[in-house]
Amino acid sequence: QSAEAYTEFIEISDDSAAIVMQVPVSWTDINGAAWEDEGVVLGGSLEAAPDLAGFFETYDVPGVSLLAATDIADTDVNELLDNFDFSTECTYDGRTDYEDPLYTGAFDLYVDCGGQGALIAVVAAKPADQSHTVIVLGQAVTDADVDAIDNVLSTFNVVGTLPGS
């Protein structure tokens, strides 16, 4: 689907100021709490969407979730991506190498999610020093959302000490 392009972006950070990324200014529902599993802090987390509940519970709200941790730095990115499987609700479009100026890894692409045409991209990547791993999950409903996720992928970074490190 096409939609009017996002023209304004804002840099946001998680609660520990360890993770940054730029999202559309209209994605005002933001959560920067630590990444936890059963009360154990695994790393940093940063989520943004127009409505986070809609982003996590449906395929009709765009958004992004970024997880970063040092404890999974030794885990292969392909193994990590295997844990984020949306093929029961989406059509799997394949795995591709991922590289930007700071991170390398792989990404999976899922299309026609929920039968609504939504797209989900999941990236698992590490910096050159292999000190941590970042997982970025983006959901797009329109072409403008795809551009917004591309913007996230070109602006995310770990700039401080991650929680749980």
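The values are calculated or read from the model by the stated rules, or taken from the named source; none is laboratory data. Predicted model only: the values in this text are computed from it and were never measured. Methodologically, a virtual Cβ is constructed for each residue, glycine included, from the backbone with ideal geometry; neighbour enumeration extends over all protein chains shown. Only protein heavy atoms, including side chains, enter the accessible area calculation; ligands, DNA and RNA are left aside. Shrake-Rupley method; radii C 1.70, N 1.55, O 1.52, S 1.80 Å.
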> Given the Cα-Cα distance of Ser154 and Asp97 and 0.36 nm per residue of separation, how much length would full extension add, in nm?
Replying inline: 19.0 nm
> Among all stretches of the chain without exposed GluC sites (Glu not before Pro) (DSSP loop, at most 13 other Cβ atoms within 10 Å), which one is longest?
Replying inline: 39-165
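For the chain, what % of the accessible area comes from carbon and sulfur atoms, probe 1.4 Å? The partial results should precede the final answer.
Numbers: 3670 of 7930 Å².
That fraction is 46 percent.
I'd like to check one number: the per residue accessible area of the chain, probe 1.4 Å, reported in Å² as a whole number.
I get 48 Å² per residue for the chain.
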> Over all distinct alpha-carbon pairs, what is the Kirkwood Rh of the chain in angstrom?
Replying inline: 15.8
>> For region 95-153, report the % of Cα-Cα distances exceeding 19 Å.
In response: 31
> Just how far, in whole angstrom, is region 80-132 from region 9-64 if you go by their alpha carbon centroids?
Replying inline: 17
>> At 7 Å along Cα-to-Cβ for each site, give me the label-to-label distance between Ala53 and Thr88 in nm.
In response: 2.3
> Gaussian network model of the chain, Cα springs within a sub-10 Å range: biggest mean-square fluctuation belongs to which of Asp100, Asp37, Asp108?
Replying inline: Asp37
> So what's the angle, to the nearest 10 degrees on a 0 to 90 scale, between helix 143-155 and the longest Cα principal axis of the chain?
Replying inline: 10
> Near the amide H of Ala118, under 5 Å away, which other amide H atoms are found, from residues 5 or more places off or on another chain, if H is placed in the peptide plane?
Replying inline: Asp112, Cys113
